[in-house]
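Since the structure comes first, as structure tokens, the remarks are kept for the end.
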Amino acid sequence: MSIRLMLADDHRMLREGLRRSMTDQGFDVVGEAGDGDEAVRLADSLRPDVVLMDVTMPEIDGVEATRQVKAMHPEIKVVMLTMHADQEVLAEAIRAGASGYLVKDCSTEEIASAVRLAVSGETALSPQLAASMLDEVRRMDRDRGFGTADDERIISRREEEVLQLIADGCSTPEVAERLYISQKTVKNHLASIYQKLDARDRTQAVLQAVRMGIVHLD
């Protein structure tokens, strides 16, 4: 069964190009929105698996649209597309619940891969965005008073190894291969990590672990 994809971007030519390229990649493009309000309404009515969401749009921006979509339908995945690596905006996108973050000059294959990763519960970051985004979230949380002793939780050495590899950008199969364990074991470790760090997914777990100094970004 093909992945049902919705496009949200205020540039019609870009939407048309994305529709063609994503259809060629085997996705079922079920709808297009030209502004943030329309994106929220269409996501509510169409219930796509994934929304490709532009950051800068009229009415409400992509971050707020993502927040509203996730509040109504947490199961819908959102992959953000942005022209510029604005760290503060991208950090807020993380908090809004987006599952991927790509710059618009990435390839069709990179977008397709990010969509598939989102559906499988993983996070895709453009390499040039990953370190700057996570560093900005760490700074913002420190300024807001997060990361205090009350937030500290203990995870095992093996769980630290798993989480560090996730922070380095490894997928579940890659973590399993590097640590010589099964993918099921990796998923079990991740489930334990989520519980201990009070995180809903690997992105939140990595951000929490960075704040606590458990993992580090090179």
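The values are calculated or read from the model by the stated rules, or taken from the named source; none is laboratory data. Computed from a prediction, not measured in an experiment: that's the story for all the values here. Every residue, glycine as well, gets a Cβ built from its backbone with ideal geometry; the counts of neighbours run over all protein chains shown.
Annotations
- Residues located in the range 1-34, provided they are of a type in the set (A, V, I, L, M) and in a loop (DSSP other than H, G, I, E, B): Met1, Ile3
- Qualifying position, being at pLDDT below 85, surrounded by fewer than 23 Cβ atoms within 10 Å (Cβ to Cβ), more than 25 Å from Cys170 (Cβ to Cβ) and of a type in the set (A, V, I, L, M), among Val89, Val29, Val103: Val89
- Per-region count, the range 35-69, residues in a helix (DSSP H, G or I) and of a type in the set (Asp, Glu): 4
- A single member of Ala118, Ala114, Ala130 is modelled with pLDDT under 90, in the same structural domain as Ile94 (by TED's automatic domain parsing) and in contact with a Lys or Arg (Cβ under 9 Å, 6 or more places away or on another chain), and it is Ala118.
- For the range 192-203, a residue qualifies if it is within 23 Å of Ile76 (Cβ to Cβ), touching a residue at least 12 places away in the same chain (Cβ under 8 Å) and assigned to a helix (DSSP H, G or I), and the qualifying residues are Arg202, Thr203.
- Residues of the range 64-119 satisfying the condition of being in contact (Cβ under 8 Å) with a residue 24 or more places away in the chain and hydroxyl-bearing (Ser, Thr, Tyr): Thr66, Thr82, Ser99, Tyr101, Thr108
- Residue check for Glu177: at pLDDT below 90, part of a helix (DSSP H, G or I) and either not assigned by TED's automatic domain parsing to the domain that holds Arg95 or not β-branched (Val, Ile, Thr) (or both): no
- Members of the range 71-86 found to be at pLDDT 85 or above and of a type in the set (Val, Ile, Thr), listed by number: Ile76, Val78, Val79
- Asp35 vs. criteria farther than 17 Å from Ala124 by Cα, of a type in the set (D, E, K, R), in the same structural domain as Glu109 (by TED's automatic domain parsing) and in contact (Cβ under 8 Å) with a residue 12 or more places away in the chain: yes
- None of Gly62, Gly97 is among the small types (Gly, Ala, Ser), in contact with a strand residue (DSSP E or B) (Cβ under 9 Å, 6 or more places away or on another chain) and modelled with pLDDT under 90 except Gly97.
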